[in-house]
Amino acid sequence: MKDQPTIFIADDDEDDINLLKTNLVDRNTQVNCTTFHNGLVLINYLVVNPEKRPDLIVLDINMPVKNGFITLHELKSNKDLAHIPVIMLSGSSRKDDITRCEQMGCHSYFVKPVSAKGFTELAERLLLLA
């Protein structure tokens with residue numbers, strides 16, 4: 001875990017984003033979180049700002065415009081971005097979704113928590129991976 005990790009979060013659910021960011025900052029006040037509301041905005045930002053690379057990307061699957069599967073594929077297909085660890089975060093616990101993400105190169109797959117305690121535990125795990 002880095003002392004000052006940079007984590008990019010792509011998720012269209014504002015409540016989930018806020019819960020995750022709050023828990024990350026509560027556990028490490030030096031964490032830098034940048035959020036994106038879909039995969040298209042995330043990819044465009046990474047392409048336009050090559051000097052701003054995160055230590056970790058947290059990616060929701062079900063987003064408008066560009067979903068997490070397509071975004072993960074684009075990240076792992078780009079030689080300049082493929083090295084960035086991607087954590088998939090989804091409401092789906094379907095085995096085929098998990099397997100698909102793992103085959104596409106995601107670092108880990110977490111089911112979205114349904115409780116405040118779950119978001120606390122998720123934040124702790126993400127900080128260990130950053």
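Throughout, read-outs are computed from the coordinates displayed, never taken from laboratory work. This structure is a prediction, so every number in the text was calculated from the model and none was measured. As a convention, Cβ positions derive from the backbone with ideal geometry for all residues, glycine included, and neighbour counts pool all protein chains shown.
Some notes on this structure:
- Cysteines in the chain lacking a second Cys C-beta under 4.7 Å: Cys33
- Normalised convex hull volume, the stretch 6-129, alpha-carbon set, Å³ per residue: 92 Å³
- Mean separation of Cα contacts under 8 Å (6+ apart) over length of the stretch 58-123, as relative contact order %: 30 percent
- Taking the number of Cβ atoms within 10 Å of each Cβ as an exposure proxy, the fewest-first ranking of Met104, Met88, Met63 is Met104, Met63, Met88.
- Counting neighbouring Cβ atoms within 10 Å and putting the fewest first, the residues Phe69, Phe36 line up as Phe69, Phe36.
- Spatially near lysine pairs across the chain, Cα under 18 Å, sequence gap of 8 or more or different chains: 8
- Hydrodynamic radius of the stretch 1-50 per Kirkwood, over alpha carbon pairs, in Å: 11.6 Å
- Debye intensity ratio I(q)/I(0), log10, the stretch 65-128, q values 0.18, 0.21, 0.24 Å⁻¹ (C-alpha model): -0.70, -0.90, -1.07
- Legend: calculated FRET efficiency, Ser92 to Val65, from the Cβ-Cβ distance at R0 = 25 Å, rounded to 0.05, equals 0.85.
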